[in-house]
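Bear in mind these aren't lab numbers, they're just calculated from the coordinates by the rules spelled out. Source: prediction; values computed, not measured. Glycine gets a Cβ as well: all are built from the backbone with ideal geometry, and neighbour counts include every protein chain shown.
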Amino acid sequence: MNPELLSATYLNHFSRYAEEQGIDLQPFWKQVDHNESEPFIKVDTLKQLIHYMWKKGCPRSLGLFVGRNISLSSHGHVGYGLSHATNLEDSLVFLCEYYKIRAQILSFYIEEDEENIYLCIKPLADWGDIDVVLYETIAALVFNIIKFAIGSKVEECVLELPFEEPDWSDLYGSCLPKRIRYSDGVLRYGMPLEWKAITCVSADPVTAEMAAQQCKNELNRLLESRTLSDKVNELILSSVQFELSLEQTAKTLYMSKSTLIRKLKQEGKTFKLLMEDAKKKNAQYLLKKTDQKIDVIALQLGYEDVSNFGRSFKRWFGCAPSQYREG
């Protein structure tokens, strides 16, 4: 799969919002390379559209207005499965497993501690200066997903956003939880562990299984077009603190360690090279886009010793992490 792609459905939602604001999009469509028959679009196309909308007077908060109007049915078979999951935990697991069918520019994953379960979302591509728009869009649509599953309790979630509080945060009350924290490393929804067992409003295990089968079929079609390097890279990006070994990767991909090494070599790649490249990109993102302390970033990247992270970073970019952040 290509981390630069997302379903054309989302482009349509942004286009609809623009038209509702009285914006003529015909000049825009004439200047971009876009095939309406294609099921996926490049994130760059969405970037161009959002820039055009800003230029024509749309507010910086447009992601909120778009996200809150994306219904579960807009997510295709994924939405169908989410709406009929047995309980909240099943719904969140389904989302993490299959949302990549709809958007490959991000990854959903679950974390837990002694008290809470967290639904985390991180970008897999460079979102550039539309990152806040996309974060707000995703935060609002996830709010709708959780609300559909468990009703008004979603208001009690804790939402962490990876950017500073914007000037328009007073608009959040209509489509996001009441408790929000800013400048955290990733976008995530926090909920008490006991919520996992809450029965979803429209629970129907048979229907959910049918939707899962359809999603598996779609996912397999996407996987067939990927290189082995793409598959390994996705596993690396989806792992927690990059704690993924060569052996685990080979097992997940149903091949021996030696076969994995040989096939990656045929593509001009190595597991170590892919892992390091992923860490480099994430280090750049976390240093420039968040206010997290360097030792926290080091831990997220799998470095227990911040000095080891510092040495690696200097080898990659020729300067210390603190210098990179200030530059």
Point to revise | trypsin sites (Lys or Arg not before Pro), loop per DSSP, at most 15 other Cβ atoms within 10 Å - longest free stretch of the chain | key: 61-177
Exercise for review: Work out the length of the dipole vector of the chain about its Cα centre, built from +1 on the beta-carbon of each Lys and Arg and -1 on the beta-carbon of each Asp and Glu, and round it to the nearest 20 debye.
Suggested key: 1120 debye
Point to revise | Distance violations [Cα-Cα > 27 Å] among K42/K314; K269/K293; K216/K281; K122/K216; K42/K257 | key: K42/K314; K269/K293; K216/K281; K42/K257
**Study point:** Residue list for region 70-95, given a label point 7 angstrom along the Cα-to-Cβ vector of E209 and an amide N cut-off under 20 Å
**Key:** 77-95
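Using 0.36 nm per residue of separation minus the Cα-Cα distance, give me the extension gain between E194 and R315 in nm, one decimal.
Full extension from E194 to R315 adds 39.1 nm.
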Check your understanding: Label points 7 Å out from Cα along the Cβ direction at K293 and N69: separation in nm?
Key -> 4.4 nm
**Study point:** Among T249, L235, C319 - extreme Cα towards positive end, dipole of region 179-327, charges at beta-carbon
**Key:** C319
**Study point:** Burial ordering of E111, E136, fewest other beta-carbon atoms within 10 Å first
**Key:** E111, E136
**Study point:** Neighbour count of at most 14 Cβ within 10 Å plus DSSP loop: longest chymotrypsin sites (Phe, Trp or Tyr not before Pro)-free window in the chain
**Key:** 1-167
Practice item. Measure up K55/K288; K147/K178; K153/K178 against 21 Å on the Cα-Cα distance and list the ones that go over. Key: K55/K288
Check your understanding: Build a GNM of the chain with springs between Cα atoms under 10 Å: which of I23, I146, I138 gets the top mean-square fluctuation?
Key -> I23
**Study point:** Loop GluC sites (Glu not before Pro), region 147-204 (other Cβ atoms within 10 Å of the site Cβ: 16 or fewer; DSSP)
**Key:** E164
Exercise for review: Report, in deg cm²/dmol and to the nearest 500, the calculated mean residue ellipticity at 222 nm for the chain, where each DSSP H run with n ≥ 4 adds -39500 (n - 2.57) and the sum is divided by the residue count.
Suggested key: -16000 deg cm²/dmol
Check your understanding: Hey, if you put +1 on the Cβ of every Lys and Arg and -1 on every Asp and Glu Cβ in the chain, which of L92, Y80, C215 ends up farthest toward the positive end of that dipole?
Key -> C215
Study note, to complete from the structure: Here the FRET efficiency for S307 versus W29, based on Cβ atoms and R0 = 41 Å and rounded to 0.05, is 0.20
